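Student: Could you have a look at this structure, given as structure tokens, before my questions?
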Amino acid sequence: MEWLKSVSTRYPILTFIFISISFTWAVWFSVPFIAGDNWALGRIVVGAGFGPAIAAIVLNHLSGTGTQIGTKNWWLCFVVFFAILLGLYFSILVTGDAISAESFSNAKPVGFSVTSILASIISASVGSFIIACLLCSRSIALNSLNKWRISYKWWLVALFLPALWMTLGLLVAQQQDATITPISHSLEQSTWLLFIARSILLTFLVVAIGEESGWRAWMLPKLQERFSPLLSTVFVGIVWGVWHLPLFLIGQYDDPPEMIFAKTGACIMLGVIFTWLYNRSGGSLLMAVALHTTMNNTPKILPFSEQMGIFLLLAVISMIVVDRMWRTNKSDELAQHVNRALN
């Protein structure tokens, strides 16, 4: 481990990117061999591949601010979240799963086999390992997942900002008699609620925590030590977008592989909002995780309209201008953000 510690000390950002991408891609490119064309089983396997969190945990351990794995609190966190995640994954084996409610109406149960049970146990183990390490970490940035005492205004932003720009877009679309893509499905209300509730829980516990602990709680602060928030956001956005590439190639996304360029552009633009909220909330990983969760799930609840893009773009531009994100942050400015976040 000494060689890795030496390399990570000299090239922390490159080491983080290498671990993040290599760990994730190694797991995700195994999906066709394990799950075949079974999308739901593939989703379970994908849950074991969140390299950004693993990279952040490893590098914090090497720097001396990591987690003391194996303590009583660590095992308590691990066992509790392992049970929750295993229950969620087993529910997929029973009901199947899909990327949308419309597709979920045609989903078939995965069933209990040696492969599906092992995949569920491994993914639940990786997810609970990540959560336990974050909650018990000595790193202030990673441990901020455990800090719920955040000003209500940041909670409002994290939970309702995506719904706001989508709702405003719908209102404008209705005024213009423009096309609105409805959310169509033939699910009973109870089944639809199961689909949404499971999607929110898996997004929060697996996807958002697995990504944001790396992108926002580790990579972004490191970059902001040298660069402006805006330039740091662009760097993070590029890596964040490219990191998703296997999902296009293995069929977890419906879009063709060339859409990775649009995905990367979206990650850069949405990254501005994440950076703004993370800095404004005093470096709260929890707020980034909450925002990621609502961004992924609000489109499953509210219809899509092209006009929403106008309000999303206005929000991005306003944040850049108001916070003058092109300027390099100074330590006193960051301290002010922390103080304001707690008030």
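Student: Which pairs turn up if I take residues in the range 131-145 that are charged (D, E, K, R) and look for partners that are open to solvent by less than 10 Å² (accessible area, probe 1.4 Å) with beta carbon separation below 9 Å, at least 6 apart in sequence or on another chain?
Tutor: ARG138/GLY66
Student: Still on this structure: Quick one: which helices (runs of 4 or more DSSP H) sit completely within the range 225-336 and have at least 2 residues that are β-branched (Val, Ile, Thr) and open to solvent by 50 Å² or more (accessible area, probe 1.4 Å)? Spell out the reasoning first.
Tutor: Working: elements: 229-243, 245-249, 260-280, 285-297, 308-322.
It comes to 229-243, 308-322.
Student: Just a yes or no: is a residue in the range 25-32 assigned to a helix (DSSP H, G or I) and either closer than 14 Å to TRP218 by Cβ or of a type in the set (S, T, N, Q) (or both)? Spell out the reasoning first.
Tutor: Looking only at the range 25-32, we keep the residues that are assigned to a helix (DSSP H, G or I), and these are 25-28, 31-32.
From the residues that got through so far, the ones that are either closer than 14 Å to TRP218 by Cβ or of a type in the set (S, T, N, Q) (or both) too are none.
The answer is no, given that none of the residues of the range 25-32 is assigned to a helix (DSSP H, G or I) and either closer than 14 Å to TRP218 by Cβ or of a type in the set (S, T, N, Q) (or both).
Student: Show the residue pairs meeting these rules: Cβ distance below 6 Å; 6+ apart or different chains; first residue within the range 197-220 and closer than 17 Å to ILE301 by Cβ and open to solvent by 10 Å² or more (accessible area, probe 1.4 Å); second residue of a type in the set (Ser, Thr, Tyr) and assigned to a helix (DSSP H, G or I).
Tutor: What qualifies is PHE204/THR293.
Student: Another one. Among the residues that make up the range 46-58, is at least one of them in a helix (DSSP H, G or I), over 20 Å from GLY214 (Cβ atoms) and of a type in the set (Val, Ile, Thr)? Spell out how you get there, then give the answer.
Tutor: Within the range 46-58, the subset in a helix (DSSP H, G or I) is 46, 51-58.
With over 20 Å from GLY214 (Cβ atoms) added as a condition, the list becomes none.
Scanning the range 46-58, I find no residue that is in a helix (DSSP H, G or I), over 20 Å from GLY214 (Cβ atoms) and of a type in the set (Val, Ile, Thr), so the answer is no.
Student: Need pairs with beta-carbon distance below 8 Å; first residue among the aromatic types (Phe, Trp, Tyr) and within the range 252-263, second surrounded by 11 or more Cβ atoms within 10 Å (Cβ to Cβ) and not in a loop (DSSP other than H, G, I, E, B); sequence gap 6+ or separate chains.
Tutor: Short answer, once both residue conditions are applied: TYR253/LEU247; TYR253/MET259.
Student: May I pose another question? Between a residue in the range 1-29 that is without any contact (Cβ under 8 Å) to a residue 40 or more places away in the chain and under 27 Å from LEU41 (Cα atoms) and any residue that is open to solvent by less than 30 Å² (accessible area, probe 1.4 Å) and outside any helix (DSSP H, G or I), which pairs come within a Cβ distance under 6 Å, given they are 6 or more apart or on different chains?
Tutor: VAL27/ALA48; VAL27/GLY49
Student: Take residues that are open to solvent by 50 Å² or more (accessible area, probe 1.4 Å) and tell me which of the helices (runs of 4 or more DSSP H) falling wholly in the range 77-193 contain 3 or more.
Tutor: Correct list: 114-135, 152-175.
The values are calculated or read from the model by the stated rules, or taken from the named source; none is laboratory data. Treat the numbers as computed from the prediction; the structure is a model and nothing was measured. Neighbour counts are summed over all protein chains in view; Cβ atoms, including those assigned to glycine, are modelled from backbone coordinates with ideal geometry. The accessibility values were calculated without ligands, DNA or RNA, using every heavy atom of the protein model including side chains. Shrake-Rupley method; radii C 1.70, N 1.55, O 1.52, S 1.80 Å.
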